[in-house]
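A.B. asks: One structure follows; several queries about it will come next.
Just so you know, all these numbers are worked out from the coordinates, no wet-lab data involved. Being a predicted model, the structure only gives us computed values, none of them experimental. Here the Cβ positions follow ideal geometry from the backbone for every residue, glycine too, while neighbour counts run over all protein chains shown.
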Amino acid sequence: MDSRRLWGVVWVLWAGLALASPAQDLLDEVSRLLGDYYGGFSQVRLQELKQKYQGELEKVCAQEVSCPSNKAYPILQALVAEYGDRHTRYFTPEDYAEIQRRLAGSSSSRPQLGVQLQVVSGLEGLLVVEVSAYTPAEEAGLRRGDRILAINGEALPQAEGERMEFLRERVASGAPLKLTVQRAQQRLELEVLPRIISLQQLPTLSLRPDGVAVLRIPSFSGYQQVGPRIHELVRQAQAAGAQAMVIDLRNNGGGVLSECLVGAGAFVKETYRRLQDNLRASEQGYKDGYYYFRSGGRERPQYEVQAAYWTGPVVVLVNERTASCAEYFTFDLQEGRQAPVIGQPTAGVGNTATVFLRLSDGSGLQITTSRAQRKDGSFYPERVTPTLNLSDDWYALAEGRDLLLEKAVELLMSADIGLERE
């Protein structure tokens, strides 16, 4: 065998090893799962996408005998993004593990405070937009609208892009922290001890002196937990004599389908979704205190709740981060009892259902598997269109005013809604 033939054999063997690499295996796995499971509205052609990104993978793996999986991560993220479907995403192993912990309501992987924060251009520090229940932040007395200005006497960076990381680094140590906080016109010093926390975010209820109950639902994650909890809080509001209710779904990214259907049942009595995938249809809903699942013409009760029903006036708050199951919930109240909705148009995945799939290397896929229909067979719109289109005003929140909540209460106190002023 001459040298040219020998090098030809070596090249073929090397190329074969590269194509059989973990990165190539991952691309093949993602393509197969998309082909098997995707049932959304996107019209992209998978084979064309795979050919396009196969070329991209070969470029980044050109110098690798066995190309590692992580070389494929940005390529897979770009491929999946071309579906243009916000319910279909690719996650690296670290991100997939985190989202699974959140969906399961398990514990955080590192110490946390239990807050959601916002960088607001022109405002010093970090604005607190959510304080989770039973967390170090709540125990320390942090509130929505507070601004964290300094930690242990060290001011947060002026550069907006560095503030979150500055906070994360200090929280991750788990050491006690002294926070300098601006609350409207008041400067406070709060001590907080970061710790491992539960990632489950259950609904909470607050009762205002004017007779309005505020039901905050931050997530629908937690099978057989969120839906029954909503019914329980409705009973509490009724027992306390609340005359009207604001349901706050801002930043609620969705969760488990059963929970939004059961939860909405506390306001509309019956809820229903028909989910049509590539092969079959299933039906899920809530009626007479039961969450049920129907497939192949057979209805099977899944779990029972101690049912409550809110008969008073209600207003729903949403924003551009209200997504998925939270959009389902809002549609049910908007269509089932003409509840006014205040805020921004929602994320735009309110007409599909999705599953999460773990891949061989620990990364994961979220794939739209089916389209959501009403009982008459019509598809839901992709997003909720508010009755009154308003955006959150972060500057007003930093001064202690939640303008969307104020507008909701104003609407509830109007003659059209029927709540009288005291």
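A.B. asks: Considering only C-alpha atoms, what is the centroid distance from region 301-338 to region 22-59, in Å?
C.D. replies: About 36 Å separates the Cα centre of region 301-338 from the one of region 22-59.
A.B. asks: Mind putting a number on the dipole of the chain about its Cα centre? Charges go on the C-beta only, +1 for Lys and Arg and -1 for Asp and Glu, and I need it in Debye to the nearest 20. Can you show the working numbers first?
C.D. replies: Numbers: 46 positive and 52 negative charges, 157 e Å.
Result for the chain is approximately 760 debye, rounded to the nearest 20.
A.B. asks: Using only Cα atoms, locate the centre of region 220-263 and the centre of region 113-177, then give the distance between them in Å, rounded to an integer.
C.D. replies: 27 Å
A.B. asks: Can I ask one more? Could you work out [θ]222 nm for the chain from helices alone, using -39500 (n - 2.57) per DSSP H run of at least four and dividing by all its residues? Round to the nearest 500 deg cm²/dmol.
C.D. replies: Values: 12 runs with 137 residues, N = 422.
My calculation for the chain gives -10000 deg cm²/dmol from helical runs alone.
A.B. asks: To the nearest 0.05, how large is the calculated FRET efficiency for Leu149 and Gln338 if R₀ is 45 Å and r is the Cβ-Cβ distance?
C.D. replies: Once rounded, the FRET efficiency stands at 0.55.
A.B. asks: Going toward the positive end of the dipole of region 245-348, with +1 on Lys and Arg Cβ and -1 on Asp and Glu Cβ, which of Trp310, Val341, Gly285 do you reach last?
C.D. replies: Of the listed residues, the answer is Gly285.
A.B. asks: Please state, rounded to one decimal and in Å, the Kirkwood hydrodynamic radius that region 94-188 gives when every pair of distinct Cα atoms enters the mean of 1/r. Let's see the in-between values first.
C.D. replies: Numbers: mean 1/r = 0.0708 Å⁻¹.
Taking every pair of different Cα atoms in region 94-188, averaging 1/r and inverting gives 14.1 Å.
A.B. asks: Take the Cα atoms of region 127-248, build their convex hull, and give its volume per residue in Å³. Working shown, then result.
C.D. replies: Numbers: hull volume 15.7 nm³, N = 122.
Convex hull volume per residue, Cα atoms: 128 Å³.
A.B. asks: At a 10 angstrom cut-off on C-beta neighbours, averaged per residue, how do the peptides 340-351, 301-312 rank from highest to lowest? Walk me through the numbers on the way to the answer.
C.D. replies: Working: 340-351: 22.2, 301-312: 15.2.
Result, highest mean Cβ count within 10 Å first: 340-351, 301-312.
A.B. asks: Further question on the same structure: Would you mind working out the magnitude of the charge dipole of region 54-107 relative to its Cα centre, with +1 at each Lys and Arg C-beta and -1 at each Asp and Glu C-beta, to the nearest 20 Debye? Numbers along the way, then the final one.
C.D. replies: On the way: 6 positive and 8 negative charges, 40 e Å.
Dipole magnitude for region 54-107 comes out near 200 debye.
A.B. asks: Please list the non-local residues whose amide H lies under 5 Å from the amide H of Glu130, H modeled 1.01 Å from N, same-chain partners needing a gap of 5 or more.
C.D. replies: Residues meeting the amide H criterion: Gln116.
A.B. asks: For region 251-353, build the charge dipole from Cβ charges (+1 Lys, Arg; -1 Asp, Glu) around the Cα centre, then report which of Thr271, Ala326, Cys260 sits farthest towards its positive end.
C.D. replies: Thr271
A.B. asks: Please find, in a Gaussian network model of the chain (springs between Cα atoms separated by less than 10 Å), the residue of Leu188, Leu79, Leu127 whose mean-square fluctuation is greatest.
C.D. replies: Top of the fluctuation ranking is Leu188.
A.B. asks: Next question. Quick one: what does P(r) look like for the chain with 10 Å bins over all Cα pairs, in whole %?
C.D. replies: For the chain, the binned pair fractions read 4, 18, 26, 24, 16, 7, 3, 1, 0, 0 percent.
A.B. asks: Which whole-Hz ³J(HN,Hα) couplings does region 105-120 yield from phi under the Karplus relation 6.51 cos²θ - 1.76 cosθ + 1.60, θ = phi - 60°, glycine and proline marked x?
C.D. replies: In residue order, the calculated couplings are x, 7, 8, 5, 7, 8, x, 9, 9, x, 10, 10, 10, 9, 8, 10 Hz.
A.B. asks: Placing +1 at every Lys and Arg Cβ and -1 at every Asp and Glu Cβ, with all other atoms neutral, what dipole size does region 297-417 have around its Cα centre, in debye to the nearest 20?
C.D. replies: On the way: 11 positive and 16 negative charges, 119 e Å.
Dipole size: approximately 580 debye.
A.B. asks: Let me ask something else. Which of the peptides 189-196, 117-124, 331-338, 154-161 is most tightly packed, and how do the rest follow, going by the mean number of other Cβ atoms within 10 Å of each residue?
C.D. replies: The densest-packed peptide leads the list: 331-338, 189-196, 117-124, 154-161.
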